Structures are given as C-alpha cells and as structure tokens.
Amino acid sequence: MLSVKVAWRNLWRNRRRTLLTAGAVGFAVLLVQLGMSFQAGSYEPMVEVSTRFASGHLQIQHVDYKDDPRTERFVSNTTELRSHLLDLPGINAVSNRTESFGLVNKDERSYGALVVGVDPQIDPSASHFSDQVTQGTYFDSPNSAIIGSALARNLRVSVGDEIVILSTDVDGSVAFIAPSVSGIFETGNDALDRSLVQVPRSLINDALMLEDSAHRVVIMIDQPMLPEQSSEVITPLVPSTASLLDWRELMPEISQSIRLDKISNGIVYGTLTVIVVLSIANTFVMTMFERTREFGTLRAVGMHNRSIFGMFITETILMWMLGVAIGYLLSTCALLPLINIGIGMDSMGMDQFAGLLFLPDRIYPAVDLKVVLVAPISIGVGMVLSTMLASIRLYRLSLVDALRYRE
Amino acid sequence: MTNDVVQLRSVTRVYGQGNVAVNALQGISAEINKGEFVCVVGPSGCGKSTMLHLIGGLDSPTSGTVIVEDQDLSTFTNNELSDLRLRRMGFVFQAFNLIPVLSACENVEFVLQLQGIGKNERDTRAREVLDSVGLADAADRRPGELSGGQQQRVAVARALVGNPLLLIADEPSANLDSTTTRELCELLQSINRKHGTTILIATHDSLVMNYSTRTIQLEDGKIQQENPA
Ligand SMILES: Nc1ncnc2c1ncn2[C@@H]1O[C@H](COP(=O)(O)OP(=O)(O)OP(=O)(O)O)[C@@H](O)[C@H]1O
Ligand SMILES: [Mg+2]
C-alpha cells in the first residue's frame with residue numbers, strides 16, 4: 001500500500017528524530033518490563049516463604065478461632081479430614097496443628113510462649129521449621145521439643161535439657177508436659193525465635209485431652225497466588241463448625257504489602273510513561289508544524305482529511321512498533337540471563353528486611369502477559385492521542401493558509 | 001448544460017474583519033469555457049491566487065457563487081470538494097509541492113491511488129504521463145534529486161495523470177528560468193490542444209501569456225478587461 005510506504009519513508013525523513021523517539025519508547029518499555037517482572041517475580045516467593053513460616057496457604061479452623069483463639073475451639077477427626085483433603089486436586093500437603101499458650105519453665109526461669117503441636121513426619125511438607133534447626137535435631141522422640149533461639153537463650157536451655165510447659169486443657173484444668181529439647185531453631189524472625197515452641201502433636205493432644213483434634217488444618221496448594229480456585233474444591237469438606245481461610249485473610253499484612261507495592265510501582269511506571277509520552281507529543285507537535293504545507297498539498301490534490309490522518313496514525317504506529325521492538329530486544333537481553341540467576345536480596349541492600357518481612361534470598365523475574373503488554377499498550381495509546389493532539393491544528397487551519405504556510 | 005467549465009457570479013472575498021479587512025476580490029463575474037487556455041494576470045496582490053483558490057474549492061467566497069460544471073460549490077461538503085479536485089481538477093503550485101519522500105513516478109501514482117486504481121495500471125499510466133512531459137529517465141528519482149524545471153514538470157504530470165477537466169496553475173513559472181518556462185508552456189499548450197484540457201494560469205510572466213487563448217486582467221480585486229489573444 002502506497003500510504004504505508006509514504007508513512008514509512010516519512011519516518012526516515014528525519015532519521016535522528018525517529019531513532020531518538022523510538023529509543024525513548026524502547027527504553028521506557030525496557031524499564032517498565034524489568035521493574036514489573038521483578039515485582040511480579042517477588043510476590044510468589046514472598047508468599048511462599050511467609051506462609052511456610054506461619055499460616056500455610058489455606059486453613060480450616062473453628063469458626064471463632066481466628067477472632068478469639070481458645071483451646072476448646074478445635075476441628076475434630078483431623079486424620080480422616082487430612083486424607084480426604086489429600087485426595088483433592090491441586091493440594092500438595094496437609095498438616096494438622098494444635099496450639100496453646102503456655103508457660104515454659106526451666107529451673108526458676110519461665111517465659112510465655114506459643115506451643116504448637118505438629119506431626120513431625122508430616123509438618124516439614126508444609127513448613128520451613130525443620131530446615132531452620134541450627135543446633136540439635138528436629139524431634140528425636142515423642143517426648144521432645146524444638147524451641148526458638150532467643151527463647152532458649154532467655155531460659156538458658158541447651159539441647160538435651162528438659163523443660164516444663166504449663167497450659168490449660170479443654171476443660172480449663174491445668175495441664176503440663178515435660179519434653180526434652182531436641183533442637184533449637186533460628187528463623188531470623190524475632191517474634192518466632194523469641195516465643196515459639198514446637199512439640200509432637202500426640203504429646204500435647206494427650207495433655208490437653210484433644211484426641212485427634214487440631215486448631216489449624218494447614219493446607220498447601222499448587223497455586224498459592226490463586227487460592228480461590230482451591231477454596232472451591234475444599235469447601236464441601238469443611239465441617240459445619242469450621243471455616244476455610246486463605247493466606248490473604250490469615251496474613252493480611254502480606255497481601256496489604258503486595259497491594260501497596262503494586263500501587264507505588266504503578267505510580268512510578270505511570271509517571272515514566274507520561275514523561276515519555278509528553279516528550280513524544282512535543283516532537284509530534286513540532287513535526288506537524290513542519291508539515292503544514294504538505295498537508296495543504298495533499299488536501300489540494302484530493303486526499304480526504306481522514307486519509308491524511310490515517311497516514312499520520314500509520315507513521316505513529318510504525319514508530320511505536322520500532323520502539324517496542326527495540327524495547328523487547330533490550331529486555332530480552334536483560335531478562336534472559338536474570339531469569340536463571342535472579343538477583344540476590346543482599347545486592348539490593350534488602351537483606352536486613354528479609355528476616356522481618358519473610359523475603360526470599362533471591363528473586364527471579366517473572367514474565368507474564370501483563371509484563372509483556374502493559375508498557376507497549378499504554379505508550380501506544382499515549383502516542384496515538386499525541387498524534388491526534390498534534391494534528392488538531394492542521395484541521396483547524398484553512399486549506400489556503402496551509403498551502404501558503406512558510407516554515 | 002452550458003459550455004462553461006467555470007462560472008463566477010459576483011464573487012467577493014474579504015479576508016479579516018473590521019479595520020484590517022482586505023477586499024481581495026470585489027465582485028467579479030467571469031466564465032471559462034471548455035478547452036480554453038486562460039491567463040489571469042495583474043499586479044501582485046490583485047487577487048489572482050484568491051480567484052484560483054475559489055475556483056478550486058480550496059477556499060469559499062464571502063459572497064457570490066462559484067459554479068464548476070454547472071454545480072454550485074457552496075453545496076459541496078469538504079470531502080465532496082476533495083473528490084471534485086481529485087477527479088476533475090489538477091493543481092500546479094509555484095512551489096511545486098511534491099511529496100519529498102516519493103519518487104517522481106510515485107508522486108504521480110499517488111493521485112491514481114487515491115482514485116482507487118490498481119497497482120499495474122497506476123504504474124503504466126504514471127510512466128506514460130512522465131514520458132509525455134519528457135521525464136521518462138527521471139521517473140525513479142526523488143524531488144530532491146531533480147532540478148526546479150523537472151520538479152515542476154513532475155507537478156504537471158501529477159496534475160494531468162487523472163485526466164482532469166481543468167488544470168489550475170498558480171505562478172508555475174515563478175521559480176523557473178525562461179528556457180524552462182517556455183518548455184513548460186509548450187507542454188501545457190500541447191496538452192490543451194491534444195486533450196482539450198481547460199487550463200487556467202495565474203501569472204506575471206508575459207512569456208506565459210503569449211500561449212494563452214485569453215487573458216483576464218485583475219486590478220484591486222476587480223476585472224479590468226478581458227483580452228482574447
Ligand atoms: N490569508 C489572508 N489574510 C489576509 N489577507 C490576505 C490573505 N491572503 C491574501 N490576502 C490579501 O488579499 C489580497 C489578494 O491576494 P492574492 O494572494 O490573491 O494576490 P495575488 O494576485 O495572487 O498576488 P501575487 O501576485 O503576489 O501572488 C492581497 O492584498 C493579500 O495581501
Ligand atoms: Mg498569488
């Protein structure tokens with residue numbers, strides 16, 4: 001088509017200007033794609049790491065447990081429930097946990113702590129604690145315990161020592177267990193290291209008369225970023241006195257920080273796009289001034305306004321495609337190596353945060369359709385709008401004035 | 001039906017308003033017949049270009065009527081005027097006004113493309129017309145690589161390729177030397193004689209006037225006299 005040919009050649013009338021504009025588009029595409037892919041790549045590992053130190057992806061718990069956790073608010077027959085859950089698609093681990101607040105004593109010292117009963121054979125499939133044991137081992141007998149490093153320091157407990165934990169059973173009577181410390185864990189998260197004790201679930205369930213019950217049935221799924229999909233299949237199995245919660249409800253601070261991160265990055269990318277588009281609009285306005293007489297000529301020869309506008313838009317689209325191609329080329333070069341090696345959090349000065357916020361050690365860029373399309377489309381829309389804006393003047397000008405126009 | 005290609009009836013054109021108003025045309029009436037070669041002459045600022053623009057539908061009169069082929073141009077929409085120019089008229093400007101990024105041949109083809117004519121026919125016809133204006137060898141060069149006279153001949157070829165009824169040229173020789181001007185005029189004359197194309201030229205150049213069949217003399221926006229050649 002001749003008009004595409006004209007448009008293409010018009011682009012190269014001012015080679016430097018075209019290359020600069022396309023380069024600006026390309027660079028903006030590169031920056032936004034780099035930013036967005038690392039951003040997208042950081043969420044899933046962040047959720048993965050934080051859920052494995054705490055809530056898991058989904059939980060079945062007594063309807064009132066979340067607002068007011070009490071020993072008697074439990075889910076019963078959890079072994080059977082677990083095996084039914086494991087039959088469902090998309091579920092890769094289920095771990096039952098019993099919880100109780102207790103007083104941990106060693107000699108004259110005592111500290112309050114959260115005592116969690118886990119099945120030592122099962123819980124490692126749903127949590128990272130077994131990997132965080134820095135001294136001793138992760139449970140060596142039915143009457144053992146692992147405790148946080150800060151708590152161990154406070155109690156002056158070392159591996160092999162016996163501790164006594166006082167708590168209350170389902171009836172409100174005082175109950176106690178006396179496990180020996182088989183391991184000390186250090187997660188890097190102060191709250192966990194200072195006030196958490198894990199014991200075998202059989203030990204604490206006996207003491208609290210909980211039989212096969214648990215306070216949290218923790219479920220790990222294949223697609224943690226899409227918990228609603230799994231919720232749907234799990235819901236029919238949830239007992240009537242219990243409810244199903246996902247990590248966004250269980251750890252609202254994580255989903256909030258993801259939302260905040262998306263908003264603040266969106267503002268950065270939006271600003272970048274607006275700056276690039278404004279500078280392109282400025283170029284277009286100048287170009288249109290230079291082309292006033294050409295516009296008059298085309299009209300005088302018999303071209304319709306809309307065909308001329310079509311030609312301008314074609315030029316813009318060609319320029320956009322050139323810029324996006326440059327951008328894709330640059331971001332492919334930048335992302336291909338990084339997809340395999342990732343970026344270490346320490347190299348970004350983020351390792352301080354890592355312990356607090358459950359950030360992973362390295363993040364890898366994740367490229368999805370959004371990453372690929374958002375920058376090119378928003379810049380493209382901006383460029384088309386700029387073309388309209390820049391050509392308004394020509395359509396206001398009388399034909400005779402356009403023909404007589406001197407640059 | 002009359003034999004008139006163009007009729008002007010009491011046409012005025014006022015630029016601007018109030019104190020700065022310029023009466024560029026002050027009520028002119030004229031006819032241009034089919035097959036004529038008319039020169040509009042007169043001193044600078046007398047309204048020659050204005051008259052041509054009105055006839056070409058590039059501008060509209062303040063009062064009066066412009067009739068082309070028995071149709072009142074004031075009843076046309078912008079797009080209809082474009083189509084009229086595309087199919088019935090050819091323009092040649094003082095400053096050539098070629099599309100710089102297209103070769104001579106492509107510049108000529110452009111008009112045919114707008115008329116919706118297919119690629120092969122376009123190419124053949126464009127080369128024929130370029131040949132007839134003596135530019136067969138320069139067909140694939142861009143305007144920047146052509147002399148002024150050659151560019152103006154490309155512009156003439158572009159104006160002619162659609163077989164217009166009327167060819168309008170505003171000072172086509174202003175940027176040309178006398179030899180080139182003579183060549184251009186002979187070209188226009190032969191087109192006028194061979195195809196019966198009506199030609200309307202605004203000019204200062206007495207050389208050009210010699211080729212006309214009639215001149216219309218303008219002064220201060222009024223017709224002074226019409227001289228049959
Ligand atoms: N857009 C405009 N605004 C105001 N005045 C105009 C405009 N165009 C033309 N004029 C005035 O109208 C008058 C006629 O102009 P026109 O261009 O038709 O003259 P011309 O005979 O073609 O002159 P020249 O031989 O110099 O080309 C002049 O006085 C000119 O200054
Ligand atoms: Mg003039």
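The values are calculated or read from the model by the stated rules, or taken from the named source; none is laboratory data. Just so it is clear, the structure is predicted and the values come from calculations on it, not from any experiment. Virtual Cβ from ideal backbone geometry, glycine too; neighbours counted across all protein chains shown.
Every condition in (1) out of contact with any strand residue (DSSP E or B) (no Cβ under 6 Å at 6 or more places or on another chain); (2) at pLDDT below 90 is met by residue A:342 except one, and the failing one is (1). Residues that are of a type in the set (A, V, I, L, M), in a helix (DSSP H, G or I) and either more than 8 Å from chain A (Cβ to nearest Cβ) or surrounded by fewer than 22 Cβ atoms within 10 Å (Cβ to Cβ) (or both) within region B:97-113 comprise B:104, B:108, B:112, listed in sequence order.
Residues that are assigned by TED's automatic domain parsing to the domain that holds residue A:226, touching a Pro at 6+ places or on another chain (Cβ under 9 Å) and either free of Cβ contacts under 8 Å to residues at least 60 places away in the same chain or not hydroxyl-bearing (Ser, Thr, Tyr) (or both) do occur in region A:104-117. Residues that are over 30 Å from residue A:230 (Cα atoms) and of a type in the set (Asp, Glu): does region A:113-136 have at least one? The answer is no; no qualifying residue exists.
Which ones in region B:161-187 are aliphatic (A, V, I, L, M) and in contact with a helix residue (DSSP H, G or I) (Cβ under 8 Å, 6 or more places away or on another chain)? Hits for region B:161-187 are B:161, B:165, B:166, B:167, B:168, B:169, B:176, B:184, B:187.
Of the residues B:71, B:94, which is surrounded by fewer than 21 Cβ atoms within 10 Å (Cβ to Cβ), within 15 Å of ligand 1 (Cβ to nearest atom), more than 8 Å from chain A (Cβ to nearest Cβ) and within 25 Å of residue B:195 (Cα to Cα)?
B:94
Being more than 13 Å from chain B (Cβ to nearest Cβ) and crowded, with 16+ Cβ neighbours inside 10 Å is a property that residue A:317 has. So is residue A:221 in contact (Cβ under 8 Å) with a residue 60 or more places away in the chain, buried (at least 19 other Cβ atoms within 10 Å of the Cβ) and in contact with a Pro (Cβ under 9 Å, 6 or more places away or on another chain) or not? It is true that residue A:221 is in contact (Cβ under 8 Å) with a residue 60 or more places away in the chain, buried (at least 19 other Cβ atoms within 10 Å of the Cβ) and in contact with a Pro (Cβ under 9 Å, 6 or more places away or on another chain). Quick one: in region A:299-313, which of the residues that are assigned to a helix (DSSP H, G or I) and facing chain B (nearest Cβ under 8 Å) is farthest from residue A:406 (Cα to Cα)? Among them, the one singled out is A:307. Considering region B:157-214, and only residues there that are closer than 25 Å to residue B:122 by Cβ and within 16 Å of ligand 2 (Cβ to nearest atom), the residue that is surrounded by the fewest Cβ atoms within 10 Å (Cβ to Cβ) turns out to be B:169.
Beta carbons closer than 8 Å, at least 6 apart along the sequence or on distinct chains, pair a first residue in region B:200-227 that is touching a residue at least 40 places away in the same chain (Cβ under 8 Å) and assigned to a loop (DSSP other than H, G, I, E, B) with a second that is away from ligand 2 (no atom under 13 Å from the Cβ) and aromatic (Phe, Trp, Tyr) for B:211/B:37; B:212/B:37; B:213/B:37. Applying the condition of being under 15 Å from residue B:67 (Cβ atoms) and buried (at least 21 other Cβ atoms within 10 Å of the Cβ) to region B:4-51 and asking which residue is farthest from ligand 1 (Cβ to nearest atom) yields B:5.
Per-residue answers, yes or no, for (1) surrounded by 14 or more Cβ atoms within 10 Å (Cβ to Cβ); (2) in contact with an Asp or Glu (Cβ under 6 Å, 6 or more places away or on another chain); (3) within 30 Å of residue A:375 (Cβ to Cβ):
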{"site": "A:234", "(1), (2), (3)": "yes, no, no"}
{"site": "A:240", "(1), (2), (3)": "no, no, no"}
{"site": "A:244", "(1), (2), (3)": "yes, no, no"}
{"site": "A:247", "(1), (2), (3)": "yes, no, yes"}
{"site": "A:252", "(1), (2), (3)": "no, no, no"}
{"site": "A:255", "(1), (2), (3)": "yes, no, yes"}
{"site": "A:260", "(1), (2), (3)": "no, no, yes"}
{"site": "A:269", "(1), (2), (3)": "yes, no, yes"}
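Quick one: in region B:31-65, which of the residues that are farther than 20 Å from residue B:196 by Cα, away from chain A (no Cβ under 14 Å) and of a type in the set (A, V, I, L, M, F, W, C) is nearest to ligand 2 (Cβ to nearest atom)? Looking at residues that are farther than 20 Å from residue B:196 by Cα, away from chain A (no Cβ under 14 Å) and of a type in the set (A, V, I, L, M, F, W, C), I get B:46.
Within region B:52-68, the residues that satisfy the criterion of being more than 12 Å from ligand 1 (Cβ to nearest atom), of a type outside the set (S, T, N, Q) and free of Cβ contacts under 8 Å to residues at least 60 places away in the same chain are B:57, B:61, B:64.
Return a yes/no flag: does region B:184-200 have any residue that is within 16 Å of ligand 1 (Cβ to nearest atom) and among the hydroxyl-bearing types (Ser, Thr, Tyr).
No - not one qualifying residue is present in region B:184-200.
Of all residues in region B:54-85, those satisfying the criterion of being more than 14 Å from the chain's Cα centre (by Cα) and assigned to a helix (DSSP H, G or I) are B:73, B:74, B:75, B:78, B:79, B:80, B:81, B:82, B:83.
If the condition is being in a helix (DSSP H, G or I) and free of Cβ contacts under 8 Å to residues at least 40 places away in the same chain, then region A:81-90 contributes A:83, A:86. Taken over region B:74-88, residues that are more than 8 Å from chain A (Cβ to nearest Cβ) and under 22 Å from residue A:292 (Cβ atoms) amount to 1. Within region B:13-30, the only residue that satisfies the criterion of being more than 16 Å from ligand 2 (Cβ to nearest atom), free of Cβ contacts under 8 Å to residues at least 12 places away in the same chain and either within 14 Å of another protein chain (Cβ to nearest Cβ) or within 22 Å of the chain's Cα centre (by Cα) (or both) is B:16.
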